[in-house]
Structures are given as C-alpha cells and as structure tokens.
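Since the structure comes first, as structure tokens, the remarks are kept for the end.
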Amino acid sequence: MTTALAMTLSAGVGIFATLALLSQGHWLQALALGLALLQAGVAWKYSRPWWLPTSIFGMMGVSHLLASWWLRSQGRPSNAALETFGPGYLLMAAWYLMRKRWFGKAPTTS
C-alpha cells in the first residue's frame, strides 16, 4: 500500500511540476508543492525506502524530457528548464540507484 502511494505521489509531483513549467498557472505550482509535501509526510511516517529518491528524480526527469519532446513535436520551442533539468534529474536518479548498489546500504536519515 505505501509503495503504491509513494509511486503515485512521485508520478503526480513529476507531472504537475512539469505542467507548472509549461503554463504560467500558479495553482499548478501549488499543487506540485502540496503533493511533494504530502509525499514527504508519507515517507516520514512510514520510514523512507531506499528507492524513494530514485523514484522521485526519475519521474521528474522523464516527465521533463517527455514535455520537451512534445513541445518540439508540436513545432514550439522547448523550455530551457525542461532541457536542463530533465537529464539532470535522470542523472540524480541514477546516482541514488548506483549508490545503493555500490555501497550496499541505504543512506541514513539522521
């Protein structure tokens, strides 16, 4: 249950943060922030799993790159933030995944 909730919240944060970059609506930014805070509360209450940062950064990176691709396919210019942070978020997701693999333990939260 908590795994499905964490993955759903990760996807929601990624989607709404990307939509907030594409449109100038402040309500999308507030929604993305609210979902991120809800995800932080769920992670704090149910102890943070080692894969949570990988999930969050991966979803953000994928949604940013998909939005950039969609804008270009529509003949519109892509946002510089999408092109920069998309690969950056994917690199951070890869780092957290490999960190678990290389060091063999989850990062501590103390």
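Observations, loosely collected:
- Arg76 in contact (Cβ under 8 Å) with a residue 60 or more places away in the chain and of a type outside the set (A, V, I, L, M): no
- Test: residue in segment 10-19 that is out of contact with any helix residue (DSSP H, G or I) (no Cβ under 8 Å at 6 or more places or on another chain), at pLDDT below 85 and closer than 19 Å to Ala93 by Cβ: no
The values are calculated or read from the model by the stated rules, or taken from the named source; none is laboratory data. Only a predicted model underlies this, so the values are computations on that prediction, with no experimental measurement involved. Every residue, glycine among them, receives a Cβ derived from its backbone with ideal geometry; neighbour counts consider all protein chains shown.
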